[in-house]
Amino acid sequence: MRHVVTSCCVAVTFSVIVGGAAPAQQPAAQRPLREPDVIYLPTPPAVVAAMLKVANVGPGDVVYDLGSGDGRIPIAAVKDFGAARATGIDINPERIKEANANLRTAGVGDRVRFLNEDLFEANISEATVVTLYLLPSLNLKLQPKLLRELRPGTRIVSHAFDMGDWKPERTLTVDGRMVYFWTIPNR
């Protein structure tokens, strides 16, 4: 079970693990890749801004939001922080539809894209900044992929949850919510 809630969403794992594809009568374009690992909870705007600020997002950055939900983090990265490009990845096709609708009104469509993919299988190697809002167990499961696929110096920011023994370089409290920051170390 798994989900993507990065952009500003996350948190509670479903109490029952359900595997497999969506019902057969659902069109292929709407069929979930698998059940999400968490329910969608949007990241508050103040936390989005703090995450992008602590990561020092700017014109040279390519931001990947893993579990992008409604797309607010990738859109803000480009629109408010001047990132070169941003990609949101979410396993839920409904969240992708919502993110694309938000993108159409944001005026940054040529620099932001949303992919209906499994964040554990997606190619994230071009990212210079990765944002997350996942559960602790999912952060821990994702950590080896981050360390293996991302270049040294890539910045990672997580809303609400840390990565166990991998101690963050910085922690912030924003409106009572935690934000954690790491940098991929030299190999």
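Miscellaneous remarks
- Relative exposure of Y64, Y40, judged by other C-beta atoms within 10 Å (fewest first): Y40, Y64
- Electrostatic tally near E126: other residues with Cβ closer than 13 Å to its Cβ, Lys and Arg +1, Asp and Glu -1, net +1.
- Taking 0.36 nm per residue of separation and subtracting the current Cα-Cα distance, fully stretching the chain between D162 and E94 would add 21.8 nm.
- Counted over all Cα-Cα pairs of the stretch 29-183, pairs farther apart than 29 Å make up 8 percent.
- Cα-based shape type of the stretch 60-143, given that a ≥ b ≥ c are square roots of the gyration tensor eigenvalues and the cut on a/c is 1.5: oblate
- 15 Å beta-carbon shell around A83, net charge (K/R +1, D/E -1): +2
Read-outs throughout are calculated quantities, based only on the coordinates presented, and are distinct from any laboratory measurement. None of the values given here were measured: they were computed from a predicted structure. Methodologically, a virtual Cβ is constructed for each residue, glycine included, from the backbone with ideal geometry; neighbour enumeration extends over all protein chains shown.
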